[in-house]
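The values are calculated or read from the model by the stated rules, or taken from the named source; none is laboratory data. Just so it is clear, the structure is predicted and the values come from calculations on it, not from any experiment. Cβ placement follows ideal geometry from the backbone for every residue including glycine, while neighbour counts extend to all protein chains displayed.
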Amino acid sequence: MELYRGHILICSGTGCISSGANSIKAAFEKQLAEKDLSGEFKLIETGCHGFCEMGPIAIVYPEGTFYCRLENEDVETIVEEHLIKGRLVKEKLYNPPHSEDKIPSYKEIDFYKKQHRIALRNCGYVNPEDIDEYIVKGGYEALGKVLSEMSPSQAIEEMKKSGLRGRGGGGFPTGLKWEFASKTESDKKYMICNADEGDPGAFMDRSILEGDPHSIIEGMVIGGYATGADEGYVYIRAEYPLAINRLKTALAQAKEYGMLGENILGTGFNFELHIKEGAGAFVCGEETALMHSIEGKRGMPRPRPPFPAVKGLWGKPSNINNVETFANVPVIFEKGADWFASLGTEKSKGTKVFALTGKINNTGLAEVPMGISVREIIYDIGGGITNDKKFKAVQIGGPSGGCLPEDLIDLPVDYDSLIEAGAMMGSGGLVVMDEETCMVDLARFFLNFTQDESCGKCTPCREGTKRMLEILERIVDGKGQDGDIELLEELGETIKTTSLCGLGQTAPNPVLSTLKYFRDEYEAHIHDGRCPAGACSALAKYVIDQEKCKKCTLCTKVCPVSAIEGKPKEVHKIDPNVCTACGVCVDTCKFDAIKKG
Amino acid sequence: MSKKIKSLEDLRKLRQEKEKLTSPREGDNIQVIIGMGTCGIAAGARDVMLTLLDEINRHNLKVNVTQTGCIGMCEKEPLLDVVVPGEGRITYGKVTQDVVKQIVSQHLANGQIVKQNVVGKIEE
C-alpha cells in the first residue's frame, strides 16, 4: 500500500456540498493531476465537520491546516503554495469574529476547542465510504469484544452502568430499555434505529449517518446481541439521499467483511440489517408510528402500553434507539462504562450533539459535555450573536422544546434542568434569537409546524393545536382579544395531558414557555397593538427619528400610499393610520432615520 | 476471494495492516520537515522529498512528511529536520538523495542519528 505524503479532507456533508464542495473537489483533482502530485496527496471526502457556516471546508494533513469558505480559484493557490512549497495560504484560513488573527490549525479554533467529540468522533476524519478507515480507527473492535467476551446480560449491565440516556428526545436510560426487550420471551425480536429526524433545525442524525455510518451499524449489532434480536431496521427519511447512499455502501461493506449476516466474527451470532426509507412525516419519528410505517401502514401512533419492548414491529418485541444513541454504543464498550460515566453530570452522562442555528455566528454541529452552560455554547462555541445584536432567547429541543430567556443563560444543559426550566433536550436543536425576533411570532411558527404535521388521530392534537394556531395568528395580525392568553394556557395544558403520543403532548411547549417568560410581548400585541420586537408586519408602525431626519423629502416621494407628510426644511411624519408598513421608506432613507417602533 | 473477517484476532491484524490509510492524519508520528524555500528548491529539495517518500514506503514506516520555508541556513540546503516525539529535533544539512536513504534506514527506522550530516539539534 502506498503512503501518501498528505491527505486533503474535503468536507462533503450535505451542508458543504450545497455550498460547493463537489466543485472544490474536482478542482483539487485537476490541479493535483496537472502538477503531477496525485501520487503524493490523497483526496478524501468526509462527512460533516460541524462548522457548516464556514463551508466549503478542506483540511490538509499532516499539518491539520483548516481552509474554509473555499472558492474554485483558491484551489490552485493552495496546491502551488501549500502543497508544493509548504507555505500556508493565509487568506483562506479561519478568521474568528472580532479578531485579525488567522488560525491555521483546526484544533486551535474556538469552535472546536470546547467540544468533546464522542458521537462525532469520526465525522470529518474518516472516509465514510471506506470500512478499512473505520477499522483503523478501532471500529468493530467493540463488537468483537462484546460478541466474544461478554454475555448478553453482561453487555446490558455495562450499558446500564454507563448511564447513557436516549439522545432522541425522551432521555430514557438505554441500558434499561435494552433490558426490557431482552426479558421478553420471543422467537423473534427486532432492533430499530430511528433516523427520522423531523425537527426543524436539527441535522445531527443526518450528519452522523453521512459521516460515520459504520458506527451506527456497529452499535445496532451490539444492541441486537444484547437484546436477543437477529434482525434490524434503520428507519430513515427519504429526504436524506446522501445519508441513505452512504449507509447503503456501509451495509454492503459490513456484509462483505462479515460484520453483518451469519456467524459474525466467527462467534455464531447472526444479524441482518435493512434500510426502510420513510416519506418524511414528523409523526413517523414517534416509535409506535414508526413501526406502523415499517409495516407498510399509515404512520400513526397507538396507545402504550404495550410498549415496543413487549409488542413492537409485527407484534414482536422491538427496541428503538436514535442514531446518536447508537453512535455512542461502540465507544462505551471500547473505553468502558466507567470512562463514559465520568463525563457529564450526575444524571446526564456523556456528551450531546447540538445543531446551532438562528442568529448565531458559528452555525453548525457541536458536541459538548453534558452540563455545559447555554452561555458557553452560544458565546464560546457559537461565537456570539450575529451583527453584535442583543441575545434574547434560545429555543432548545425543536418544536417540542421551549424558549429560555436571557436570565437562564447560565443554565447547565442536561435533561433534568432543561425540563425544569420548561424546555427539553429533544434531539438537540438549538435556535438562537436576537432582539428582533418576536416571541409570539416564533411560537406561531413552531405551532404551525406541529399543526401541519399532526397525524390527526387524536382530537386534542388535531383540533386543539388548530385552535391554538388560530389564536396566535389573530394576535400576530393585531386582532388579539382579552382572554386570549388564558385560552391559550388552558388549551395548552389540556393538549399536554390528553394527547395520545409524545408529539401532541409536547406541541404546546413553545407557546407555554414563551407565555411563561415573555408574557409581556403577548400583552403588548393584544392590549397595545404593538409588536415590541418590530417583527409583526401588521403591528409594526414606522416612525421617523426627528433628530436624524434631514428633511430631504426622499421618503415622501417613494411612499406608495402617501402616508408621509413633509416639505423641504420641515421634519417629516408618518401617519400610522395610512402606513401599510411596506418598508420602502426605510430602504430609501439615507440617514437611517426611519425605524420600526 | 472472500474478505470475511473470521475473528477478533483477524480484525486486529487487518487494523495493523491498514494503519497507513490514516497515518498522515495522526499527530503522534515521527515527523520529517523539509525546507522548501526558494533556496531549498534550487538545491534539490523536491527530489530529496520524493526519494524520502519512496524510502518511507519501502521501509513501511509511519512518518509524517511536512514542509517549511527558508530558515536562513541557505548554504546548507537542502535541509531536513527529523522530529521524534519526546526526543527533540535534529536538523540535517546538505541532504543528497543518498543521505536521505541513510536517514531513513538509520534514523527513522532504527533511531540512529546520521552524525556526519547533522547541523544542529533543538532540545524539546
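Listed values, structure above:
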| item | result |
| --- | --- |
| Matching entry among A:86, A:15, A:50 (being within 13 Å of chain B (Cβ to nearest Cβ) and among the small types (Gly, Ala, Ser)) | A:86 |
| Answer residue from region B:6-39, given it is more than 9 Å from every other protein chain (Cβ to nearest Cβ) and within 19 Å of the chain's Cα centre (by Cα) and is surrounded by the fewest Cβ atoms within 10 Å (Cβ to Cβ) among those | B:28 |
| Residues (out of contact with any Lys or Arg (no Cβ under 7 Å at 6 or more places or on another chain) and in a helix (DSSP H, G or I)) located in region A:339-360 | A:339 |
| Flag if residue B:54 is surrounded by fewer than 18 Cβ atoms within 10 Å (Cβ to Cβ), acidic (Asp, Glu), under 22 Å from residue A:63 (Cβ atoms) and in contact (Cβ under 8 Å) with a residue 12 or more places away in the chain | no |
| Set B:95, B:82: member being in contact (Cβ under 8 Å) with a residue 40 or more places away in the chain, surrounded by 17 or more Cβ atoms within 10 Å (Cβ to Cβ), part of a loop (DSSP other than H, G, I, E, B) and more than 8 Å from chain A (Cβ to nearest Cβ) | B:95 |
| Test for residue A:401: is it buried (at least 24 other Cβ atoms within 10 Å of the Cβ) and modelled with pLDDT under 95 | yes |
| Residues that are farther than 30 Å from residue A:335 by Cα, touching a helix residue (DSSP H, G or I) at 6+ places or on another chain (Cβ under 8 Å) and free of Cβ contacts under 8 Å to residues at least 24 places away in the same chain, drawn from region A:92-140 | A:102 |
| Strands (runs of 3 or more DSSP E) contained in region A:225-292 and holding at least 1 residues away from every other protein chain (no Cβ under 14 Å) and of a type in the set (A, V, I, L, M, F, W, C) | A:231-237, A:269-278 |
| Odd one out for residue A:20, checked against (1) farther than 23 Å from residue A:356 by Cα; (2) surrounded by fewer than 17 Cβ atoms within 10 Å (Cβ to Cβ); (3) not β-branched (Val, Ile, Thr) | (1) |
| Condition check for residue B:3: under 30 Å from residue A:261 (Cα atoms), at pLDDT 90 or above and surrounded by fewer than 16 Cβ atoms within 10 Å (Cβ to Cβ) | no |
| Condition check for residue A:125: crowded, with 18+ Cβ neighbours inside 10 Å, within 20 Å of the chain's Cα centre (by Cα) and within 10 Å of another protein chain (Cβ to nearest Cβ) | yes |
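Here is a yes/no grid of residues against (1) in contact with a strand residue (DSSP E or B) (Cβ under 7 Å, 6 or more places away or on another chain); (2) within 30 Å of residue A:456 (Cα to Cα); (3) without any contact (Cβ under 8 Å) to a residue 60 or more places away in the chain; (4) of a type outside the set (Asp, Glu):
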site: A:488; (1), (2), (3), (4): no, yes, yes, yes
site: A:536; (1), (2), (3), (4): no, yes, no, yes
site: A:580; (1), (2), (3), (4): no, no, yes, yes
site: A:589; (1), (2), (3), (4): no, no, yes, yes
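Conditions tested, residue by residue: (1) polar (S, T, N, Q); (2) away from chain B (no Cβ under 14 Å); (3) buried (at least 24 other Cβ atoms within 10 Å of the Cβ).
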position: A:145; (1), (2), (3): no, no, no
position: A:151; (1), (2), (3): yes, yes, no
position: A:161; (1), (2), (3): no, yes, no
position: A:178; (1), (2), (3): no, yes, yes
position: A:181; (1), (2), (3): no, yes, yes
position: A:184; (1), (2), (3): yes, yes, no
position: A:195; (1), (2), (3): no, yes, yes
position: A:201; (1), (2), (3): no, yes, no
position: A:213; (1), (2), (3): no, yes, yes
